[in-house]
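K.L.:
What follows is a structure written as structure tokens; I'll ask about it next.
All of the numbers you see were taken from the coordinates with simple rules; none came from a lab. Worth saying up front: this structure is predicted, and the values here are computed from it rather than measured. Don't worry about glycine lacking a Cβ; one is built from the backbone with ideal geometry, like all the others, and counts go over all protein chains shown.
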Amino acid sequence: MTDRQKRIFMGLLVGVGISILIHVGTRIPGAMLNDLFDSYEYKSYDARMKSKASFSEEASIDEVVIIDIEQNSIESLGNYHEWPHAYHGQLTDIVSSGNPKAIIFDIIFDQKGADNYYLVEALASNQSESSPELQQVTDQYLIGHDPSRFVWSTSQSTVTHHALVFENSDSINFLYAMDQLPEAYDAANHVLEIAPDVASRLPTAERLGNTYFDLLTSSHGTGAANFPQDKDGLIRRAPTAIHFKGSGEVFPTLTLSAVRDILGIPTNGFIYDFDNHLLRLRDTSGTIVREIPIDDQGRMYVNYYGLFKTFYYIPYMYCFDPEMLDPSYWDGKVALVGSSLPGLMDLRNTPVQESFAGVEIHANVIHSILQNEFVTRTSTAKNFLSILFLSLVIGALSATPKKPFWGFLILGIVATAWLLFTYSQFLNNRIMWEVIRPTIAMALTQIGVFSYTFLILDKDKRFLKNTFGTYISPKLIDQMIDNKEEPKLGGNEAVHTAFFTDIQSFSAFSEKMSATDLVELLNSYLTVMTTILLENQGTLDKYIGDAIVAFFGAPMPVENHEYWACVTALKMQAQLDPLRQKGERDGDRWPGEVHSLQNRIGIHTGSMVTGNMGSTHRMNYTMMGDTVNIAARLESSAKQYGIYTHISEETYGAVKDSMTVRELDKVIVMGRSEPVQTYELIAEKGQEPGIYKEIIPQFHEALELYKKQEWDKAQTVFESLEKLEDMFPGRKTNPSHVYSERCTHLKNNPPGEDWDGVWILTSK
């Protein structure tokens, strides 16, 4: 056997071994590798789905139409939460008269959620004598507000379907499992006939969250509106049915409830074939009219036809009034009633878009079923064969060239070809071949072949990676390898930007919290802030309690590092609002200070030393120098002015064309004898709050009067500005107030004619 034949044989052998290893080792349910590979497969699926959706046009699908509770409808009909249920009853009557295939309400109704429910109930049930005039007014009022109107209209419609919301028990919130459905809800005509062994494989629920049982009972059909998210928060799959564990009933999902009606599927017409991963829908004649690809829990992949509003949206108020939209429009269409407004809390994360109306997910599902167009995931057997085939190709081809490095080029070509194939199959046929496992298998095969044919390894590089990789960044190690340098004590001096931030009043509220809660809060905060830092080219130096110490411009050069430091500060400040909102949602768990969480940031640009500091036994890549001290003092002194981002003149000089700032002060900070000109960072130019367009010019005018020692004139302006400064919770002072008090002090203690405007800070 020649040397080439040996290498090819070894390549094929490695390919077979890697194929089996990947196929078996990464498909153990619940194992870390399985979850890891699946998560990346989902990402590849997301990319393909987003690419497919990008070809869509807005409002290009009108077979399924969304009746949207949007802003114009709310402005016309009033606050949505005050709408009487009679509105929905009128809508049901009007749309039903147009002969639609189905009317689907993706809304959870509360019986007592209607406007003036108790008043209306009293008027409707009042049997006492009244004047004809009063009775006429009462009757007229009840026409538009009678809560029974919606139930009656629903009962008269043969196409109306209402949403069920299923939950699991939660003892913390006193939500206990139900052993049966509420007696008030007659679900006999809404449940499916599914064998218990099949039902047990479906998504389960322990509670029914709905309370408007009269409405549910009167509905032609009901179904679960639940869209469980994957672990990363995205909705890729939709259940086809939900197993209610308490009494064993199986409910279709909301869309499948409508599909049952449209396609004529009886209650025993859902045939689950988990061996072949298919849900077959059988009509009353016994004919299989649909075969829906499902996973091992009976879920189907959502075939997203496009981005948000690919389906046709009609404002609710148009459909509410037959004079605005002729009911005949609905002939043969499916009407979905829901909302695209963020305030009504029905926006979801999807592979195609981060903010996607939940009602449009329903629209995609039902349109997919009616059009018989499904996303099909290839079987496990096909996936294994694809892995084996590709690994053998790589094993044989990579072993052929005399120079082993050519194998990586071959790997790139074959992997690219496979990627293009999978994209083509998905875009044209909606077939979802795996990408990650085959690619990993090819890569490992190439590595195996390379290791066999190239036995002389880079010992120096391996030594550095093994010795220093736990505490020096990979980029720095690669840089040292390229320069043939090993880590040593000392560093390099250059102009960089230092960045300090910590939480305002951290000590105050940390005393009120348990250690567990404090760690959880701090970890959440540091995770969010560090992510922003790293995404904007910053280098994390260290954590000091709640403080983050960082710098920009090292170890790798960063162009415009001053700008990126300021952008990072602004994004950090903006991201505090979601953290505060989370704190408010958690209620009493957190002290009040958490609900008004703020942080302070100090930024200074100047010469500093960056490099490996420490001892010969342990080193850390960090920064040192007076620049670092100034940045730290700017951060701590920000609280004296009631501001949150404090930058130096050196930083401002580099960003003045891109950032809006307020000139703040000329101070001598603790630990220094030379003054520092400082500024408050407001926002990127063009994005500053409108009030600052008024504050900044007047503040700078007052500051000039202050520098000229015209105390009374300056104080008058500063006092007027105090009223404009935003005194939000947690802000104890503001620059205008500081200068107003300072004018009083200097008027009583004149600094002298040679005063240069410098203020000495006596505390950190």
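K.L.:
Give me a comma-separated list of calculated 3J(HN,Hα) values for the range 525-532, in order, Karplus coefficients 6.51, -1.76, 1.60 applied at θ = phi - 60°, integers in Hz, x for any Gly or Pro.
P.N.:
For the range 525-532, the Karplus curve yields 5, 5, 4, 5, 5, 5, 4, 4 Hz.
K.L.:
Taking the Cα centre of the chain as origin, sum charge times position over the Cβ atoms of Lys and Arg (+1) and Asp and Glu (-1), and report the length of that vector in debye to the nearest 20.
P.N.:
4060
K.L.:
Something else: How large is ³J(HN,Hα), in whole Hz, for each residue of the range 565-571 in order, when computed from phi with the Karplus curve 6.51 cos²θ - 1.76 cosθ + 1.60 and θ = phi - 60°, using x for Gly and Pro?
P.N.:
5, 5, 4, 4, 4, 5, 5
K.L.:
Out of the range 162-233, which chymotrypsin sites (Phe, Trp or Tyr not before Pro) are coil in DSSP terms and have no more than 15 other C-beta atoms within 10 Å?
P.N.:
PHE174, TYR176
K.L.:
Find the centroid of the Cα atoms in the range 689-764 and in the range 186-258, then give the distance between the two in whole Å.
P.N.:
Here the two parts' Cα centres lie 64 Å apart.
K.L.:
Using +1 at the Cβ of each Lys and Arg and -1 at the Cβ of each Asp and Glu in the range 621-696, identify which of MET659, SER636, ILE647 lies farthest towards the dipole's positive end.
P.N.:
Positive-end residue among those listed: SER636.
K.L.:
Tell me which residues come under 5 Å, amide H to amide H, from ALA554 once H is placed; ignore anything under 5 positions away on its chain.
P.N.:
Under 5 Å from the amide H of ALA554 lies no amide H from a residue far enough along the sequence or on another chain.
K.L.:
Still on this model: When the helices in the chain are scored as -39500 (n - 2.57) per DSSP H run of 4 or longer and the sum is shared across all residues, what 222 nm value do you end up with, to the nearest 500 deg cm²/dmol?
P.N.:
Rounded to the nearest 500, the figure is -14000 deg cm²/dmol.
K.L.:
For a quick protection proxy, order the peptides 752-761, 502-511 by their average other-Cβ count within 10 Å, most packed first.
P.N.:
Descending packing order for the listed peptides: 502-511, 752-761.
K.L.:
Between ASP541 and residues 5 or more places away or on another chain, which pairs have amide H atoms under 5 Å apart, with H built 1.01 Å from N, and which residues are they?
P.N.:
Residues meeting the amide H criterion: VAL549, ALA550, PHE551.
K.L.:
Additional query: Work from the charge dipole of the chain (Cβ charges, +1 for Lys and Arg, -1 for Asp and Glu, about the Cα centre) and give the residue of SER54, ASN734, TRP433 farthest towards its positive end.
P.N.:
TRP433
K.L.:
Another question about this same structure. Picking from CYS743, ILE369, HIS23, whose Cα lies most toward the positive end of the charge dipole for the chain (charges on Cβ: Lys, Arg +1; Asp, Glu -1)?
P.N.:
Selected residue: HIS23.
K.L.:
Between beta-carbons, use under 11 Å as the cut-off and find the net charge around GLY358, counting Lys and Arg +1, Asp and Glu -1.
P.N.:
After counting each charged neighbour, the total is -2.
K.L.:
What number, in percent, do you get for the relative contact order of the range 488-687 if the mean sequence gap of Cα pairs under 8 Å and at least 6 apart is divided by its residue count?
P.N.:
25
K.L.:
Give, rounded to the nearest 20 debye, the magnitude of the charge dipole that the range 628-748 has about its Cα centre when Lys and Arg contribute +1 at Cβ and Asp and Glu contribute -1 at Cβ.
P.N.:
The calculation lands at about 300 debye.
K.L.:
What is the percent of Cα-Cα separations in the chain that go past 45 Å?
P.N.:
Counting pairs separated by more than 45 Å, the tail of P(r) holds 47 percent.
K.L.:
Give me the extension gain from ASP273 to GLN71: residue separation times 0.36 nm, minus the current Cα-Cα distance, reported in nm with one decimal.
P.N.:
Fully extending the segment from ASP273 to GLN71 adds 68.3 nm.
K.L.:
Label LEU13 and GLU684 with points 7 Å out from Cα along Cα→Cβ: what is the distance between them in nm?
P.N.:
5.8
K.L.:
How would you rank HIS243, HIS23, HIS496, going from fewest to most other Cβ atoms within 10 Å of each one's own Cβ?
P.N.:
Final ranking by Cβ density, sparse to dense: HIS23, HIS243, HIS496.
K.L.:
What ranking of THR158, THR92, THR400 emerges when the number of other C-beta atoms within 10 Å of each C-beta is taken as an exposure proxy, fewest first?
P.N.:
THR158, THR400, THR92
K.L.:
Distance from the Cα centre of the range 49-79 to that of the range 542-602, in angstrom?
P.N.:
Measuring centre to centre over Cα atoms gives 36 Å.
K.L.:
Counting only pairs 8 or more places apart or on different chains, how many lysine pairs in the range 689-764 have C-alpha atoms closer than 15 Å?
P.N.:
Step by step, the pairs that qualify in the range 689-764 add up to 5.
K.L.:
Let me ask something else. Given the alpha-carbon gyration tensor of the range 689-764, what are the semi-axes of its equivalent ellipsoid in whole angstrom, ordered largest first, with each equal to the square root of 5 times an eigenvalue?
P.N.:
For the range 689-764, the ellipsoid semi-axes come out as 23, 15, 11 Å.
K.L.:
Moving on to the next point. Kindly rank 75-86, 365-376, 438-449 from highest to lowest mean number of other beta carbons found within 10 Å of each residue.
P.N.:
Per-residue mean Cβ counts within 10 Å order the peptides as 438-449, 365-376, 75-86.
K.L.:
Taking the alpha-carbon centroid of each part, what is the distance from the range 85-109 to the range 376-397 in angstrom?
P.N.:
50
K.L.:
For the peptides 37-50, 625-638, what is the packing order when you average, over each peptide's residues, the other Cβ atoms within 10 Å and list the highest mean first?
P.N.:
Top to bottom by mean Cβ count within 10 Å: 625-638, 37-50.
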